[in-house]
Amino acid sequence: MAFVTEIVLFRDRPGVAVQTMVEAAEGSRPALAGQDGTIDRDAGRFMQVIDGPSVRLYHFRSRSL
């Protein structure tokens, strides 16, 4: 079985407080809690505090964890 790890790097939007980023990130967890194969995160409110053009998305494939 192959596993894929997704890493997303980004900056916050100008003027967004650190606490707002933390709350948005934590608030995204429940949406994926019951999904097979998902470990963490979802878009939703979190995307509203991310500087879109700064996003860099990387995928890494491995055969085992």
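Any read-out appearing in this document is the output of simple, stated calculations on the displayed coordinates, not a laboratory observation. The structure presented is a predicted model; accordingly, all values stated were derived computationally and were not measured. Because the Cβ atoms are built from the backbone with ideal geometry, glycine has one as well, and the counts that use them run over all protein chains shown.
Excluding PHE3 itself, calculate the net charge of residues whose Cβ lies under 12 Å from the Cβ of PHE3, where each Lys or Arg counts +1 and each Asp or Glu counts -1.
+1
What net charge is computed for the residues neighbouring THR20, neighbours being all others with C-beta under 14 Å from the C-beta of THR20, Lys and Arg scored +1, Asp and Glu -1? Don't jump to the answer; show the numbers that get you there.
Working: positive: ARG11, ARG13, ARG45; negative: ASP12, GLU23, GLU26, ASP51.
Result for the local shell: -1.
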